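**Q** Below are the structure tokens for one structure; questions will follow.
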Amino acid sequence: MTPLNIRELQKKLGYKFKKKKHLIQALTHPTFSEEERKKKVNPRECPHQQAYSTLGDAVLKTGLVLLLMDKKKETKGDITISKADLENNLKLADVGKRLQLLENDVIHHTIKDPKKLEEASGKICADTIEAIIAAIFIDSKYSMKKTKKCIRKIFAEEFGELQKVT
């Protein structure tokens, strides 16, 4: 993870972190954290993304509902179906791949086997997208307005596809 990669990611997210520690935690996979903790020389605690991913899932749901309401989705059924399409793990994995999270080495992980990494890439990307959304929410002092703006930017392509369908 280089400063340039982080700047590029922040540009893609539409958000510049005030406290980079939130972004770093969102980008730290549990495998990396565990390996750091178990080092024989200079072990260190390295908070990982799991709690952020859990929060991000809830914030994402809220943000998507608000954005769908802005798009004039008015019935519970319309909102629920569209939200489910946008928030499923396959779609989140696609978003993470489009942002090139693994290709640009912005996720700290320790999966060295290319085949295992390919198999796990979807889940890693999906979890990381949720964690990033939580990091934005926390770093923005829990601003749903700022987080919603970022969700709109991150999911712009998916919202464009949604418009074509409806």
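**Q** Taking segment 127-166 on its own, how many of its residues are hydroxyl-bearing (Ser, Thr, Tyr) and on the phi > 0 side of the Ramachandran plot?
**A** Qualifying residue count, segment 127-166: 1.
**Q** Out of segment 39-59, which residues are of a type in the set (D, E, K, R) and at pLDDT 80 or above?
**A** Listed by number, the list holds a single entry, 57.
**Q** Out of (1) part of a helix (DSSP H, G or I); (2) in contact (Cβ under 8 Å) with a residue 24 or more places away in the chain, what's the single condition that is false for residue 105?
**A** With (1) part of a helix (DSSP H, G or I); (2) in contact (Cβ under 8 Å) with a residue 24 or more places away in the chain applied to residue 105, the lone miss is (1).
**Q** Hey, among 69, 144, which residue is touching a helix residue (DSSP H, G or I) at 6+ places or on another chain (Cβ under 8 Å), of a type outside the set (Phe, Trp, Tyr) and without any contact (Cβ under 8 Å) to a residue 24 or more places away in the chain?
**A** Criteria check complete, one pass: 69.
**Q** Out of curiosity, is residue 68 farther than 25 Å from residue 109 by Cβ and modelled with pLDDT under 95?
**A** Judged against the criteria, residue 68 is a match.
**Q** Suppose the filter is in a helix (DSSP H, G or I) and farther than 22 Å from residue 20 by Cα; does residue 153 pass it? Can you show your working first?
**A** On the way: in a helix (DSSP H, G or I): yes; farther than 22 Å from residue 20 by Cα: no.
So residue 153 does not fit the description; no.
**Q** How many residues, within segment 22-49, are more than 27 Å from residue 157 (Cβ to Cβ) and touching a Pro at 6+ places or on another chain (Cβ under 8 Å)? Before you say what the answer is, go through the steps one by one.
**A** Of the residues in segment 22-49, the ones more than 27 Å from residue 157 (Cβ to Cβ) are 30-48.
Then keep just the ones that are touching a Pro at 6+ places or on another chain (Cβ under 8 Å); that gives 33, 36-37, 48.
Summing the residues that are more than 27 Å from residue 157 (Cβ to Cβ) and touching a Pro at 6+ places or on another chain (Cβ under 8 Å) in segment 22-49 gives 4.
**Q** Considering only residues that are outside any loop (DSSP other than H, G, I, E, B), in contact (Cβ under 8 Å) with a residue 12 or more places away in the chain and among the small types (Gly, Ala, Ser), which ones fall in segment 116-141? Before you say what the answer is, go through the steps one by one.
**A** So the first thing to find is which residues in segment 116-141 are outside any loop (DSSP other than H, G, I, E, B), and the list is 116-139.
This time we only want the ones that are in contact (Cβ under 8 Å) with a residue 12 or more places away in the chain, so: 117, 121-139.
Answer for segment 116-141, where residues must be outside any loop (DSSP other than H, G, I, E, B), in contact (Cβ under 8 Å) with a residue 12 or more places away in the chain and among the small types (Gly, Ala, Ser): 121, 122, 126, 131, 134, 135.
**Q** Residues that are within 16 Å of the chain's Cα centre (by Cα) and among the polar types (S, T, N, Q), at least 3 per element: which helices (runs of 4 or more DSSP H) completely within segment 1-93 meet that?
**A** Passing ranges, in order: 50-70.
**Q** Hey, another quick one. Within segment 35-56, restricting attention to residues that are charged (D, E, K, R) and without any contact (Cβ under 8 Å) to a residue 24 or more places away in the chain, which residue is surrounded by the most Cβ atoms within 10 Å (Cβ to Cβ)?
**A** Once the filter is applied, the top-ranked residue is 36.
The values are calculated or read from the model by the stated rules, or taken from the named source; none is laboratory data. All values reported here derive from a predicted model rather than from experimental measurement. Here Cβ is always computed from backbone atoms with ideal geometry, including for glycine, and neighbour counts include all displayed protein chains.
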